[in-house]
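Heads up: the structure comes next, in structure tokens.
The values are calculated or read from the model by the stated rules, or taken from the named source; none is laboratory data. This structure is a prediction, so every number in the text was calculated from the model and none was measured. Don't worry about glycine lacking a Cβ; one is built from the backbone with ideal geometry, like all the others, and counts go over all protein chains shown.
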Amino acid sequence: MRDLSDNDVLPASLLDWYDVHARKMPWRIGPQDRANGVMPDPYRIWMSEIMLQQTTVVTVRSYFERFTARWPTVRDLAAAEDAAVMGEWAGLGYYARARNLLKCARVVVADHDGVFPDDYGTLLTLPGIGPYTAAAVSAIAYDRQSTVLDGNVERVMARLYDIHTPLPAAKPELMARAEALTPAKRPGDYAQAVMDLGATICTPKSPACGICPWRSPCAARMEGTAAELPKKTPKKAKPVRHGTVYLARRTDGAWLLETRPDKGLLGGMLGWPGSEWTDTAHDLPPGLPPVEAEWQCHPGEVRHTFTHFHLILRIMQADVPMDARPTVGTFLPPDLFRPSDLPTVMRKAFNLTRG
């Protein structure tokens, strides 16, 4: 079979398709505007790529629009209060991204005069930026010949070349194929085009091969294997962890909340005081609560799934007097408390007690 990586027609045909079918996104400069000399804002490209990690475009749109309206430049974001950024991020998940978002913005302002580097290697030195994000910002924002390899591109390459090596072992081979196809001309548009192809045509289930611009050279289509690619190494079952959260409300309506440590899951976020999350269920009454009260166990429980484990939280709730002195956390007055500022798992606990 002819090595498709030597065929310059492939990138050109994909760009022709992209010129007509490019998705419209709030952070994207369309191909026609780009052809007229309009270049993307690297800050907006970087912001979108961080938000899109492990998150869908549909979910990200509203967060991106809120963030860029509140902090329209990297200098604005760098000067923002940590709590404000974490509050806006609440519900988007993977909270280490939000912490690195702030760290990166501050490094760009302090070390790069508020301008994102335009080369892959320097971008890699910034907090929270890995190989994919560095390639995406370099290619999309600056039109550098950098190769993006996200899940969509992996799927497209696996099918185009009928690669049956399971992921993640297949990544080097898929990257080599993707690099060979990345053109010197319009690499930024090409990066977005190949991702769009995977997101809208070469989808995980029921790929629309009949309208794909690469249908003729696609080896998996010819072999009838497209639907089963890319293959993946079976995942191990996620463990289940258990914990307890304490929801205390003062007589004036203030809620007892704590700011979680910067490191670890939900780092830097507001949350309910609680126990550690362990691999065994609590058979005995919970440990030391954050404030003296007549605690009641809520009949419901919080169930939440993180990347690597499932979590089950028992809810203890209590009303406490004005002179209550907590050993953990502080009381937040009702006019300052917004449930939307809580991460999803903590908001689930609140919603259960309100239901």
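Quick look at the values:
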quantity	calculated
Matching residues, region 80-108, being touching a residue at least 12 places away in the same chain (Cβ under 8 Å) and in a loop (DSSP other than H, G, I, E, B)	80, 90, 91, 92, 93, 94, 95
Test: residue in region 70-79 that is closer than 22 Å to residue 340 by Cα, within 11 Å of the chain's Cα centre (by Cα) and not small (Gly, Ala, Ser)	no
Of all residues in region 201-225 being surrounded by 13 or more Cβ atoms within 10 Å (Cβ to Cβ) and among the hydroxyl-bearing types (Ser, Thr, Tyr), the one that is farthest from the chain's Cα centre (by Cα)	225
Selected residue (criterion: nearest to residue 307 (Cα to Cα)) from residues of region 50-67 that are in contact with a Phe, Trp or Tyr (Cβ under 8 Å, 6 or more places away or on another chain), at pLDDT 95 or above and of a type outside the set (A, V, I, L, M)	63
Strands (runs of 3 or more DSSP E) wholly inside region 294-355 that include at least 1 residues being of a type in the set (S, T, N, Q) and touching a helix residue (DSSP H, G or I) at 6+ places or on another chain (Cβ under 9 Å)	310-320
Pair list, Cβ under 8 Å, 6 or more apart: region 329-355 residue farther than 18 Å from residue 318 by Cβ, other residue surrounded by 12 or more Cβ atoms within 10 Å (Cβ to Cβ) and among the polar types (S, T, N, Q)	339/351
Neighbours by Cβ (under 6 Å, 6+ apart or cross-chain): first from region 282-306, within 25 Å of residue 238 (Cα to Cα); second among the β-branched types (Val, Ile, Thr) and modelled with pLDDT of 90 or more	286/244; 301/312; 303/312; 304/345
Tally of residues being among the aromatic types (Phe, Trp, Tyr) and modelled with pLDDT of 95 or more across region 296-333	1
Number of the condition not met by residue 111 [criteria: (1) touching a residue at least 24 places away in the same chain (Cβ under 8 Å); (2) in a helix (DSSP H, G or I); (3) surrounded by fewer than 19 Cβ atoms within 10 Å (Cβ to Cβ)]	(1)
